[in-house]
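Here's the structure, in structure tokens; my notes come after.
What follows draws every value from the coordinates through simple rules; no lab data is involved. Worth saying up front: this structure is predicted, and the values here are computed from it rather than measured. So basically every Cβ, Gly included, is an ideal-geometry build from the backbone, and we count neighbours across all protein chains shown.
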Amino acid sequence: MAQTARQLIIFDCDGVLVDSEPISVDVLVDALGAAGVSIDSDEAYRRFLGRSLGAVIETARDEFGLEIDEAFLLKLRTDLYARFRRDLQPIPGVATALDDLQTKGFSWCVASSSQRERIELSLTVTGLIDRFVPNIFSASMVKHGKPAPDLFLYAAGQMQRDPKDCIVIEDSPAGIEAAQAAGMTVFAFTGGSHAGTAGHRDAVTRLKPDAVFDAMAELLHLIAK
């Protein structure tokens, strides 16, 4: 499919720009365990990958009978942000991929299920923030998070692009479903540290994204096909 500079590249953040998912899942599993909910990492990935904090709260309540309060959320954020500041790394090759897109005249933004504060911290500690400000869009800006299409449609509207002229880069089944529901092209990225977890690649490929790739160096080539 031939692409032009009119195309907008919409990046998810966690697991696409920054290698945050193993950290996030570790912190969440520990927090749930401390609250009496026993869940392993594989199950946490299956239930929560790519979903908003609101969806996590809803699942904890409906499936585990856990009412998440402000004290729980404050400790979760404090522990998570401390780990991000200490350990978070960018996805290998992402800065070069952005350079390549810029050279070819593409525009981009980030649209993530995370809260804006977390997105900005992630991009700051990995040295990517200046590449995205002010085009940062969070699930907190829309009524329904992924897998609903609301966030991607909102991002496209703010960037003044038609959905058909957008390519979404996603790592999660929920994000792929959201991009497809928005009528956008979607490339599934499987190069994050979490991509080898049980069933992840099968869950991604089962949704039939427009492409599946595991190295950011391939991105421009895929877009230019």
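Quick notes on this structure:
- Considering helices alone, the calculated mean residue ellipticity of the chain at 222 nm is -13500 deg cm²/dmol, with DSSP H runs of length four and up weighted by -39500 (n - 2.57) and normalised per residue.
- The overall shape of the range 44-186 is oblate: from the C-alpha gyration tensor, with semi-axes ordered a ≥ b ≥ c, the ratio a/c is 1.5 or greater and a/b is no larger than b/c.
- Gain in span if fully extended, GLU63 to THR103, counting 0.36 nm per residue against the direct Cα distance: 9.6 nm
- Lys, Arg +1 and Asp, Glu -1 on Cβ, resulting dipole of the chain about Cα centre, debye, nearest 20: 580
- The range 58-103 shape via C-alpha gyration tensor axes, a/c threshold 1.5: prolate
- Per-pair calculated FRET efficiency, R0 = 22 Å: VAL133 and ARG77 via Cβ, rounded to 0.05: 0.55
- Tensor-based shape of the range 123-225 (alpha-carbon gyration tensor, a/c under 1.5 rounded, otherwise prolate or oblate): rounded
- Ascending count of other beta-carbon atoms within 10 Å, so fewest first, for PHE152, PHE64: PHE64, PHE152
- Each of ARG86, ARG51 was scored by other Cβ atoms within 10 Å of its Cβ. Arranged with the fewest first, they read ARG86, ARG51.
- Contact order relative to length of the range 21-87, as percent, for alpha carbon pairs under 8 angstrom and 6 or more apart: 36
- If you count Lys pairs in the chain whose Cα atoms are under 24 Å apart, skipping same-chain pairs closer than 8 places in sequence, the total is 8.
- The range 152-225-the range 25-53 distance, computed between alpha-carbon centres (Å): 23
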